[in-house]
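The values are calculated or read from the model by the stated rules, or taken from the named source; none is laboratory data. Here the structure is a predicted model, which means the values were calculated and not measured. Glycine also receives a Cβ, built like all others from the backbone with ideal geometry; neighbour counts cover every protein chain displayed. The area values use the complete protein model at the heavy-atom level, side chains included, leaving out ligands, DNA and RNA. Shrake-Rupley method; radii C 1.70, N 1.55, O 1.52, S 1.80 Å.
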Amino acid sequence: PWDPIRMLQYMYLLEIASRAGPGDYIELGTHQGLMAKVIWKLMDPKCTLYCLDTFEGFVESDLKVESTIYHSNWKVGNFAPTSPEMVGNYIGSGKTPKNLKLVKGWFPQTFAGLEDKKWRFVHIDFDLYQPIKSAMELLWPNLLPGGVMVIHDYGCFGFPGAKKAVDEFFDVVGLTPMHLGDRWGSVGVIKPRQVAPH
């Protein structure tokens, strides 16, 4: 694997997430499906993995916000080509699995209908400030106690908006995400359970 530390960390975190209560798995920013395939293979097969992506790369509205944070050279369409069909075939070895839902479009519009779902595992790989911040705001409330949220690119110099979004959000929540030590500096948070007194 191109990033073995990332793969190993996700194995451990998905095992932790599987011990949370009944809930599903979601990836926000799927690109060509590499991490979605890892999640799908290691998750509870009785659950569903939702993958939300434009499947057309970056969009102009998110890049406009990004340009107010730092000098960005990213362009509309970066991280194309991809498609739901390509990802579904890749993950399911030629056929999209029944417990994989690929949702194409701009987030947060694509989240419509998922607001009441409970989540065991949330993987955010949107790269840019605004969609990352929106994703944390929408998904944290329904992340199960003991569930896991991972945000990719926190330590990536090419996407400083990712760190800004994460720091702003978790400063308010009152938690410090843990660096995972992978190539682009993912961070992870396990949502606290109620701790029994000793």
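Beta bridges assigned by DSSP with both partners in the chain are antiparallel in approximately 25 percent of cases.
At full extension, CYS156 and MET86 could sit 22.5 nm farther apart than now, given 0.36 nm per residue minus the alpha carbon distance. Taking label points 7 Å from Cα along the Cα-to-Cβ direction, GLU115 and GLU56 give a separation of 2.5 nm. Each part gets one Cα centre, and for the range 17-35 versus the range 126-157 those centres are 12 Å apart.
On the chain, 58 percent of the accessible area sits on carbon and sulfur atoms, based on a 1.4 Å probe.
First measure r as the distance between the Cβ atoms of ASN78 and VAL172, then evaluate 1/(1 + (r/R0)^6) with R0 = 35 Å and state the FRET efficiency to the nearest 0.05. Rounded to the nearest 0.05, the efficiency is 0.75. Computed with a 1.4 Å probe on the full set of protein chains, the accessible area for THR54 sits at about 30 Å². Placing unit charges on each Cβ (+1 for Lys and Arg, -1 for Asp and Glu) gives the chain a dipole about its Cα centre, and among GLY161, ALA36, GLN130 the Cα reaching farthest toward its positive end belongs to ALA36.
Take the range 92-196 with all the other protein chains still there, run a 1.4 Å probe, and you get 48 Å² of accessible area per residue. Think of each Lys and Arg Cβ as +1 and each Asp and Glu Cβ as -1; about the Cα centre, that makes the dipole of the range 13-128 roughly 480 debye.
Helices of the chain meeting both criteria, an alpha-carbon length of 18 angstrom or more along the long axis and an average Kyte-Doolittle score not below 0.0, with helices taken as full DSSP H segments, are 4-17, 160-173.
Placing pseudo-labels 7 Å out from each Cα toward the beta carbon at LYS46 and GLN194 gives an inter-label distance of 2.4 nm. Computed about its Cα centre, the charge dipole of the chain is approximately 600 debye, with only Lys, Arg, Asp and Glu carrying charge at their Cβ.
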